[in-house]
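Since the structure comes first, as structure tokens, the remarks are kept for the end.
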Amino acid sequence: MIENIIFDFGDIFINLDKQIIFREMEKYGGTGELTPELLALNEIYEVGGITSEEFIDKLAVVYPKASPKEIITIWNGMLLDFPDERLEFIENLVKEGQYRMFLLSNTNALHIPHVKKKMGTEKFRRFRTSFEQFYLSHEINLRKPNAEIYQFVLDENGLKAEETFFIDDTKENTDAAEKLGIRCWNLKVGQEDIVQLKSKL
């Protein structure tokens with residue numbers, strides 16, 4: 001029986017444009033693909049291994065025609081809208097009181113302030129307080145799909161894997177969680193929506 005639900009954030013609640021980096025960076029002297037070096041840089045940043053200033057400085061070398069402000073604008077440009085029906089859905093789920101609920105997101109120190117600005121302080125507060133714990137990779141120094149991050153959430157909150165349900169749009173992340181015995185929903189963006197959760201439990 002499911003007693004706990006762990007939610008991803010991007011493309012589960014807030015819509016994303018993950019392709020903006022590829023589209024925009026070619027304009028600034030970069031390539032239209034994420035090199036192994038850029039992927040490694042992003043991973044380090046997502047676990048808080050470098051500061052935002054260091055991250056921007058390193059990207060400025062890769063994209064020499066872009067100013068720091070332009071880099072930040074492009075980087076945050078992937079964050080789109082947060083549909084009201086998703087916030088209402090999660091708040092109603094809280095009111096029902098059937099599940100312990102957690103958020104677990106790979107994110108970074110630039111994105112969260114921008115999310116707050118886009119959503120508005122009150123709407124973001126309502127969202128954040130819907131969860132018992134609000135885990136952001138750059139704050140806990142762990143990221144998906146590493147097994148350690150799922151074990152961390154289970155251990156810190158006394159959760160049993162078999163009683164826990166995890167939703168993420170990235171199959172690599174749900175595959176990793178399933179190896180620990182967590183039940184998962186790999187949500188297909190554009191075909192499925194988090195408001196359909198109850199049909200998946």
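Remark: the Gln191-Glu85 segment gains 36.5 nm on full extension, using 0.36 nm per residue and subtracting the alpha carbon distance. Over the chain, all Cα pairs binned in 10 Å intervals from 0 give whole-percent P(r) values of 8, 34, 36, 18, 4, 0, listed from short to long.
Leaving ligands, DNA and RNA out of it, report the carbon-plus-sulfur percent of the accessible area of the chain at a 1.4 Å probe. Using a 1.4 Å probe with all protein chains present, the chain comes out at 50 percent carbon and sulfur. For the pairs Lys18/Lys188; Lys117/Lys200; Lys69/Lys116; Lys95/Lys160; Lys144/Lys188; Lys144/Lys171, flag any whose C-alpha to C-alpha distance is greater than 20 Å. From the list (Lys18/Lys188; Lys117/Lys200; Lys69/Lys116; Lys95/Lys160; Lys144/Lys188; Lys144/Lys171), the Cα-Cα distance tops 20 Å for Lys117/Lys200; Lys95/Lys160. Calculate for the chain the 222 nm mean residue ellipticity that helices alone would give, adding -39,500 (n - 2.57) per DSSP H run of length 4 or more and normalising by residue count, nearest 500 deg cm²/dmol. Theoretical 222 nm ellipticity from helices: -12500 deg cm²/dmol. Taking label points 7 Å from Cα along the Cα-to-Cβ direction, Lys69 and Thr31 give a separation of 3.0 nm. Asp155 exposes around 110 Å² of accessible area when a 1.4 Å probe is run over every protein chain in place. Let a ≥ b ≥ c be the square roots of the eigenvalues of the Cα gyration tensor of segment 1-65; is it rounded (a/c under 1.5), or, if not, prolate (a/b larger than b/c) or oblate? Cα axes put segment 1-65 in the prolate bin.
Of all beta bridges that DSSP places with both ends in the chain, some 5 percent have antiparallel geometry. Once backbone amide H atoms are built at 1.01 Å from N, Cys184 has Phe166 as its partners under 5 Å, excluding neighbours fewer than 5 places away on the same chain. Among the trypsin sites (Lys or Arg not before Pro) in segment 1-88, those placed in a DSSP loop whose Cβ has at most 13 other Cβ atoms within 10 Å are Lys18, Lys65. Anisotropy class assigned to segment 134-190 is oblate, per the alpha carbon gyration tensor with a/c at or over the 1.5 cut-off and a/b no larger than b/c.
Qualifying GluC sites (Glu not before Pro) in segment 86-171, where qualification requires a DSSP coil assignment and no more than 15 other C-beta atoms within 10 Å, comprise Glu132.
Can you classify segment 37-104 as rounded, prolate or oblate using the Cα gyration tensor, where a ≥ b ≥ c are the square roots of its eigenvalues, rounded means a/c under 1.5, and otherwise it's prolate if a/b beats b/c and oblate if not? Prolate.
Ligands, DNA and RNA are left out, and with a 1.4 angstrom probe the accessible area of segment 63-149 is 50 Å² per residue.
The values are calculated or read from the model by the stated rules, or taken from the named source; none is laboratory data. For clarity, every value in this text was computed on a predicted model and none was experimentally measured. In this analysis, Cβ positions are derived from the backbone assuming ideal geometry, glycine residues included, and neighbour counts consider all displayed protein chains. Keep in mind that these areas ignore ligands, DNA and RNA; they rest on the heavy atoms of the full protein, side chains included. Shrake-Rupley method; radii C 1.70, N 1.55, O 1.52, S 1.80 Å.
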